[in-house]
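Some notes on the structure that comes next.
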Amino acid sequence: MIAIAAAVAQIIVILIHRRRTPSTASRPTSWSWMAACLGACAAGWLAIGRPAISWGDLCLTLMWGVLIGSEAARAAKELSGRAWAGWATACAGGAASATWLLESPLPFT
């Protein structure tokens, strides 16, 4: 449930960013945000008790946690004009994506 809410929020931020910015050549997403998303995903996995990992769940987690999370971080930074917004989005999205690995919809239940 946490991962779904984070995924919807990330998609909304990306869509708002794409709607507000002119359609010029897009810049690539920073590797530092991808690394922050991946680190937050690993920290989230440790925080929820290191659930077992299957390949399907891992691909879903990495796609939402790293790829979509870093794109949402770039969009949040450009929309707000503040670097901390991008870092906060990267860390929150990465950590929330770790809950895709859970069997139950909420952690710690």
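The values are calculated or read from the model by the stated rules, or taken from the named source; none is laboratory data. Keep in mind that what you see is a predicted model, and the values were worked out from it rather than measured. Here the Cβ positions follow ideal geometry from the backbone for every residue, glycine too, while neighbour counts run over all protein chains shown. With ligands, DNA and RNA removed, areas are computed over all heavy atoms of the protein, side chains included. Shrake-Rupley method; radii C 1.70, N 1.55, O 1.52, S 1.80 Å.
Looking at region 2-75, the helices (runs of 4 or more DSSP H) lying wholly inside it that each contain 1 or more residues that are more than 27 Å from E103 (Cα to Cα) sit at 2-20, 31-47.
Residue count for region 9-65, restricted to those that are at positive phi and among the basic types (K, R): 1.
Screening W31, W55 for residues that are touching a helix residue (DSSP H, G or I) at 6+ places or on another chain (Cβ under 9 Å) and not β-branched (V, I, T) leaves exactly one candidate, W31.
Taking region 25-61, which residues are small (G, A, S) and within 19 Å of Q10 (Cβ to Cβ)?
S26, S30, S32, A35, A36, G39, A40, A42, A43, G44
C41 meets the conditions (1) hydrophobic (A, V, I, L, M, F, W, C); (2) open to solvent by 30 Å² or more (accessible area, probe 1.4 Å); (3) free of Cβ contacts under 8 Å to residues at least 60 places away in the same chain in every case but one. The failed one is (2). Looking across region 75-89, the residues that are more than 13 Å from A9 (Cβ to Cβ) and within 11 Å of the chain's Cα centre (by Cα) come down to G86, W87.
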